[in-house]
There are 2 protein chains.
Amino acid sequence: MQPGDVLAIAQKVVSKDEGRVVVMADVVPSARALALADLTGKDPALCELILRESSRIVRRRGSLVIAETHHGFICANAGIDASNTALGTAILLPVDSDRSARRIQSVVSAAVGGRVGVIVTDTHGRAFRRGLVNVALGVAGFDAINDCRGETDREGRVLVATELAFADELAAASGVLMGKAAGTPVVVISGVPTRPAPGTMTTLLREPGHDLFR
Amino acid sequence: MQPGDVLAIAQKVVSKDEGRVVVMADVVPSARALALADLTGKDPALCELILRESSRIVRRRGSLVIAETHHGFICANAGIDASNTALGTAILLPVDSDRSARRIQSVVSAAVGGRVGVIVTDTHGRAFRRGLVNVALGVAGFDAINDCRGETDREGRVLVATELAFADELAAASGVLMGKAAGTPVVVISGVPTRPAPGTMTTLLREPGHDLFR
């Protein structure tokens, strides 16, 4: 890595490093979790974890549970995953995914002798479109949004509503190489100019009052 | 370019090439368009084009109109754009974005002497998350979805619900380089293995009955 590079790292390895691995047999499901298990056919312990990790259930149909996590992510099962972890365990999202990104950013920047960017990524489903895409759960070292408002187009018109989700596009780019089943958990992105900033994923979350779909 | 590469090309240049440029002064707004203009404060001619290009209005708030296009894309203003086009004109999406991709794929594959992939891209907003991301509107020459179901993880468990929106991740990767205001309309992606196939964007569209958010 070189200063200016961006490191994308899969949430799963970050969560493992931060001890966010739960032994399912140790989880005691609440009455609410048992009810959710009944509705969905899911493991009651997983339902308990989903409820603990989320502020609310956004949608539910069949076995599908879309929850809003305490961070504000809207994703299946509150981001809890039971693949690529020891059997009988589940992996929760980092408690503070920006803090995770900052921690890694600090270590890696020191190692390479200059500022790098870090994105903690996870694959999310989407409204309207099929298939998972890798998105940014935590961002450090650069602006997650490229605000192009005020720039002019080729005809000299000022762009009005153009904010690019730059960190999400970089996360998606890393997703091409990360794959899924037994993939590559770390991808280095070079040659893409970033805007130096403390960085945060919060700018990527649409304020609930501005969201037409939740 | 080499055989196996993927060419990402911005919808706007494809639409221009296909004559999908409309002189706004020539557009006669219908009564419905006048009503939509009244509700949104938008140009009545733009409202007329939005209605022509869409099968329905999915959400509307203030000046924001999210429409479902005849292709099945759910996006602002039915994908109609008035930046980087001559003043007084607007650019419509290609009539058949897969056909556009196939046409380009055929020409470029012949030129490089082997199969290439082509993605026609556009920037879309998203539910829940802020910022635009570049997505695939048309796909030719490779599978838009990487279906990982049936693959096993590091512990030997079979993955169940893992379809990666590969063409959308490639489109987002190209979006990092395309920028927005006066950007780069064509990006070549090398070194990423694709699954040879006729290719189509339709596999990226969630069937309305399976969509929890429309």
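Derivation of every value follows stated rules applied to the coordinates shown; laboratory data play no part. Small disclaimer: the values here were computed from a predicted structure and weren't measured. Here the Cβ is made from the backbone with ideal geometry for all residues, glycine too, and neighbour counts use every protein chain on show.
Rounded to the nearest whole Hz, the Karplus-based 3J(HN,Hα) values (6.51 cos²θ - 1.76 cosθ + 1.60, θ = phi - 60°) of segment B:6-11 follow the sequence 10, 9, 9, 10, 5, 3, with x at glycine and proline.
Mind checking the angle between helix A:31-40 and chain A's longest principal axis? C-alpha axes, 0 to 90 degrees, to the nearest 10. Relative to chain A, helix A:31-40 is tipped by roughly 80 degrees. Summarising the amide proton neighbourhood of A:Arg115: residues at separation of 5 or more, or on other chains, whose placed amide H is nearer than 5 Å comprise A:Gly4. Along segment A:198-214 the Karplus relation, 6.51 cos²θ - 1.76 cosθ + 1.60 evaluated at θ = phi - 60°, assigns HN-Hα couplings of x, x, 6, 7, 5, 5, 8, 8, 6, 4, x, x, 9, 9, 8, 10, 10 Hz to successive residues, with x for each Gly and Pro. Across the protein assembly as shown, how large is the tail of the calculated P(r) beyond 42 Å, expressed as a percent of all Cα pairs? Tail fraction, whole percent: 14. Modelled spin labels at A:Met24 and B:Asp38, positioned 7 Å past Cα toward Cβ, are 5.8 nm from each other. This ranking places A:Leu39, A:Leu177 by how few other beta-carbon atoms lie within 10 Å of each, fewest first, which gives A:Leu39, A:Leu177.
Given the options A:Ala140, A:Ala37, A:Ala25, which has the most mean-square fluctuation in a GNM of chain A, springs set between C-alpha atoms less than 10 angstrom apart? Maximum fluctuation in the GNM of chain A, among the listed residues, is at A:Ala25. Computed from Cα atoms, the angle from the helix A:97-112 axis to the main principal axis of chain A rounds to 50 degrees. If R0 is taken as 30 Å, the Cβ-Cβ distance between A:Arg52 and B:Thr152 corresponds to a FRET efficiency of 0.55. When the alpha carbon gyration tensor of segment A:21-92 is reduced to an equivalent ellipsoid, its three semi-axes come out at 17, 15, 11 angstrom, largest first.
Restricting attention to the protein assembly as shown, the count of lysine pairs at 8 or more positions apart or across chains with alpha carbons under 26 Å apart stands at 10.
Take every pair of alpha-carbon atoms less than 8 Å apart whose residues are at least six positions apart; their mean separation over the length of chain A yields a relative contact order of 23 percent.
Applying 1/(1 + (r/R0)^6) with R0 = 22 Å to the Cβ-Cβ distance of B:Ser106 and A:Arg195 gives a FRET efficiency near 0.05. Shown for B:Thr202: label points 7 Å from Cα along the beta-carbon vector, and their distances to the equivalent points in the other copies, 4.5 nm in ascending order. Dividing the summed -39500 (n - 2.57) terms of all DSSP H runs of n ≥ 4 by the residue count of the protein assembly as shown sets its mean residue ellipticity at 222 nm at -8000 deg cm²/dmol.
Against the main long axis of the alpha-carbon atoms of chain A, helix A:44-53 sits at an angle near 40°.
GNM remark for chain A: springs join alpha carbons under 10 Å apart, and the peak mean-square fluctuation among A:Thr121, A:Thr69, A:Thr184 falls on A:Thr184. Could you tell me whether chain B comes out rounded, prolate or oblate from its Cα gyration tensor? Rule is a ≥ b ≥ c as square roots of the eigenvalues, rounded for a/c under 1.5, then prolate if a/b exceeds b/c, otherwise oblate. It is oblate, given that a/c is not under 1.5 and a/b is not larger than b/c.
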